[in-house]
Amino acid sequence: MPEYTPDNLLAGNEFPALVTAVTIKSGQNLQRGAVLGEITATGKYQLVDKTAEDGSQTAKHILAADVDATAADAPGVVYDTGIFNPAALILAAGTVVADVSAALRSRSIFLRAVRTL
């Protein structure tokens, strides 16, 4: 069993964090917190990239656990809803939180900074 390491991805529990299963497109090794977009033609998911033109430029989910799809498509568990720490999100190079926040919010994925004491 993997060792638990707190990552501050979840930023609140006032709204339920619901999950679902998706297929992660091959050629990626993604970590928990990766923001995913859906490739329209295949229904598979990849790291959201604002410069993409295949549907994956629109943020839809946040990856709930690491997925190694380096060699082949792989199943992944993603958050459908919840409250998340924007500082813990993983995005493609050149994509920033402001690029994905409206799309996530429209899907009931809310972003809230985690305050430290």
Hey, ILE109 hits all of (1) in contact with a strand residue (DSSP E or B) (Cβ under 8 Å, 6 or more places away or on another chain); (2) surrounded by fewer than 21 Cβ atoms within 10 Å (Cβ to Cβ) but one; which does it fall short on? (2)
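Look through VAL35, VAL114 and report the one residue that is surrounded by fewer than 17 Cβ atoms within 10 Å (Cβ to Cβ) and touching a helix residue (DSSP H, G or I) at 6+ places or on another chain (Cβ under 9 Å).
Sole residue among the options that is surrounded by fewer than 17 Cβ atoms within 10 Å (Cβ to Cβ) and touching a helix residue (DSSP H, G or I) at 6+ places or on another chain (Cβ under 9 Å): VAL114.
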Restricting attention to the range 56-79, report how many residues are surrounded by fewer than 17 Cβ atoms within 10 Å (Cβ to Cβ) and not hydrophobic (A, V, I, L, M, F, W, C). 5
Across the range 17-63, the tally of residues that are touching a Lys or Arg at 6+ places or on another chain (Cβ under 9 Å), aliphatic (A, V, I, L, M) and free of Cβ contacts under 8 Å to residues at least 24 places away in the same chain stands at 1
Could you list, in sequence order, all residues of the range 82-111 that are more than 17 Å from GLN31 (Cα to Cα), part of a helix (DSSP H, G or I) and in contact (Cβ under 8 Å) with a residue 60 or more places away in the chain? VAL100, LEU104
Somewhere in the range 67-81, is a residue in a helix (DSSP H, G or I) and either among the β-branched types (Val, Ile, Thr) or over 13 Å from the mean Cα position of the chain (by Cα) (or both)? no
Candidate set from the range 87-117 (those that are over 14 Å from the mean Cα position of the chain (by Cα) and of a type in the set (S, T, N, Q)); member that is farthest from GLY37 (Cα to Cα): THR116
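Just so you know, all these numbers are worked out from the coordinates, no wet-lab data involved. Quick caveat: nothing in here was measured; it's all calculated off a predicted structure. Reconstructed Cβ throughout: ideal geometry from the backbone, glycine too, with neighbour counts over all protein chains shown.
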